[in-house]
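The values are calculated or read from the model by the stated rules, or taken from the named source; none is laboratory data. Computed from a predicted model, the values in this text were never measured in an experiment. Backbone-built Cβ (ideal geometry, glycine too); neighbour counts: all protein chains shown. Surface areas here come from the heavy atoms of the whole protein model, side chains and all, with no ligands, DNA or RNA. Shrake-Rupley method; radii C 1.70, N 1.55, O 1.52, S 1.80 Å.
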Amino acid sequence: MSTGPHAEKQPPATSASTAESRGSLGRQIALSGLTLVLLRLSVRLIGLVSIVLLFRILAPEDFGLVATAMIVVGFVEIFAEFGFDQALLRHPNATEQEYHTTWTLNTLRGLSVCAVLMLGAPLAAKLLDDPRLLPILLTLAFVPLLDGVASTGVIEFARNLDFQKEFKLKVGQKLISFAVTLTAALTLRNYWALVIGTLAGRLAGVVMSYAMHPFRPRPSLHGAGEVLRFSSWQLANSIVLYLGNQTDKIATQKLFSASAVGILRVAEEVSSMVMEFVWPIERALVAGYTKLIGQQEELRRTVLSAVGCIAAVGVPLSVALAALADPAVRLILGEKGVPAIPFVQAFAIHGALRSTMSGIFPLFLTIGRPRINTFATFLSVAVRLASLLVLFPLLGVISAPYCLALGTMCSWIYVWSHLNRSLSLGWPAVLRILGRPTVCSLLLLGVGLGVQAALPGLGPIAMLAVAVPACVLTYVGSTLLLWRLAGSPAGPEAVFLHWLRQRRAPLPSRA
């Protein structure tokens, strides 16, 4: 049975190999998640180095101009964000024909967005009152087209949990973009360097996608209806989330001063650092869950393990950021960032809740129920905006992160209720999964705040040097203690200890 272009047939599994296969898949998913986290951080690091160097060559106005053009491109793209690749990734037995169909749909999407941007570029430049935007938008209109014609063969890397190849592809693409941008900046000394670098990176991605995988797509719309039915929910999810975020931003900008809005956005950016370690894992989980379609008990066990492992990392990281927000913000932003501290602490509530859902959203995609994710997003946005109308006049701009957390809480209840029904869990199982991370994170919070209260004279660096190890030891120690008291059940603690024993095991001697 074919599972993609150039796929190899696998021998049938036997009962003797079940436990080994289960452990192997778990390790593959964990390694894939780590690889994707490193990929995201690597791309961010390359981007940071690029900005540092380019800022010394180009004027701030150059960055602002291209950023404005990319906002226009992003606005158009969001209304065509079907996620066709995701539809292919979650298909348990994707055929070569489906790779052709996905490539065709991606290409048609790219052509459509390119055409809309070219037709709308004069109007956008006129509305934004900057004629320089017209040639920039006409050039950047090719970005979605280049993304669309890239080979869908590279999706097989993700389907096989071979994210190391995807790492090479994305990082290589980013490095080429960086090198071209820097060379163009030294030569042109204007905003066109940024435009040329962006196009070069996308073109490099297309070339590398065909060089790294032998699959050669051809136009086909066979089975496109099924893909569109699935992807329409992805599109709706993206649009609802985008409109919710933009409404929030517009409301705060209209109602509050520029400085208050600036503090809110800076705090949001600092708080999002936690989710940088969580979001990439979701893609690895879609690929991992797909391999277990039809194996209900194994899928259930894997989902619970994934949710528990992500919560064991995401919840304490969010709580630690709240506990250590004062020294962390002072170190990162200086004294000017002090007003952002309560906002960072408030955003941490959203981060903790969202991390406990990161292992669940990929499941609903995998089992063909993307509407649950879309309804969860709609519920979160609706509650968030409704509560803003009530709390803005009472609390001011600080209400924004709390309204976000309230919306996330409602979404959390909705998502976990559907998970319980889908896997026949029951709320006691939820308590077993999330109980230890929650209790131990609260202990971490107490220790972090207690250290700061006991040592008020320390500077940010010294405070973090003392508080971070204390928080880590508190969380790890209390988690292992509660785990032992619970009878050492399967969970993230067992996964961590197994990994630790493997690292400490002596290497086999060579003959």
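Counting the residues of the stretch 186-226 that are within 23 Å of the chain's Cα centre (by Cα) and touching a residue at least 40 places away in the same chain (Cβ under 8 Å) gives 5.
If you go through the stretch 186-198 and keep only what is surrounded by 17 or more Cβ atoms within 10 Å (Cβ to Cβ) and in a helix (DSSP H, G or I), you end up with 192, 193, 194, 195, 196, 197, 198.
The one condition from (1) in contact (Cβ under 8 Å) with a residue 24 or more places away in the chain; (2) open to solvent by less than 20 Å² (accessible area, probe 1.4 Å) that residue 301 does not meet is (2).
Being in a helix (DSSP H, G or I), of a type in the set (Gly, Ala, Ser) and over 30 Å from residue 35 (Cα atoms) is a description that does not apply to residue 172. Look at (1) in a helix (DSSP H, G or I); (2) of a type in the set (Gly, Ala, Ser); (3) open to solvent by 30 Å² or more (accessible area, probe 1.4 Å) and you find that residue 490 fails only one, number (1). If only residues of the stretch 133-148 that are hydrophobic (A, V, I, L, M, F, W, C) and farther than 18 Å from residue 64 by Cβ are counted, the one that is most open to solvent (accessible area, probe 1.4 Å) is 142. Listed here are the helices (runs of 4 or more DSSP H) enclosed by the stretch 209-304 that have at least 2 residues being farther than 25 Å from residue 90 by Cβ: 224-255, 258-271.
Summed over the stretch 149-177, residues that are more than 15 Å from residue 41 (Cα to Cα), charged (D, E, K, R) and either open to solvent by 70 Å² or more (accessible area, probe 1.4 Å) or at pLDDT 90 or above (or both) total 2.
If residue 130 passes every condition in (1) assigned to a helix (DSSP H, G or I); (2) over 25 Å from residue 28 (Cα atoms); (3) open to solvent by less than 40 Å² (accessible area, probe 1.4 Å) but one, which one does it miss? Going through the list (1) assigned to a helix (DSSP H, G or I); (2) over 25 Å from residue 28 (Cα atoms); (3) open to solvent by less than 40 Å² (accessible area, probe 1.4 Å), residue 130 breaks only (1). I'd like to check something: does the stretch 73-90 contain any residue that is surrounded by fewer than 21 Cβ atoms within 10 Å (Cβ to Cβ), more than 20 Å from residue 199 (Cβ to Cβ) and either over 24 Å from the mean Cα position of the chain (by Cα) or without any contact (Cβ under 8 Å) to a residue 60 or more places away in the chain (or both)? No, there is no match, as no residue in the stretch 73-90 is surrounded by fewer than 21 Cβ atoms within 10 Å (Cβ to Cβ), more than 20 Å from residue 199 (Cβ to Cβ) and either over 24 Å from the mean Cα position of the chain (by Cα) or without any contact (Cβ under 8 Å) to a residue 60 or more places away in the chain (or both). Among residues of the stretch 455-472 that are touching a residue at least 60 places away in the same chain (Cβ under 8 Å), those with a Cβ under 6 angstrom from a residue that is surrounded by fewer than 16 Cβ atoms within 10 Å (Cβ to Cβ) and not in a loop (DSSP other than H, G, I, E, B), sequence gap 6+ or separate chain, pair up as 460/331. Taken residue by residue, the stretch 18-36 has no member that is part of a helix (DSSP H, G or I), open to solvent by less than 70 Å² (accessible area, probe 1.4 Å), under 24 Å from residue 182 (Cα atoms) and modelled with pLDDT of 80 or more.
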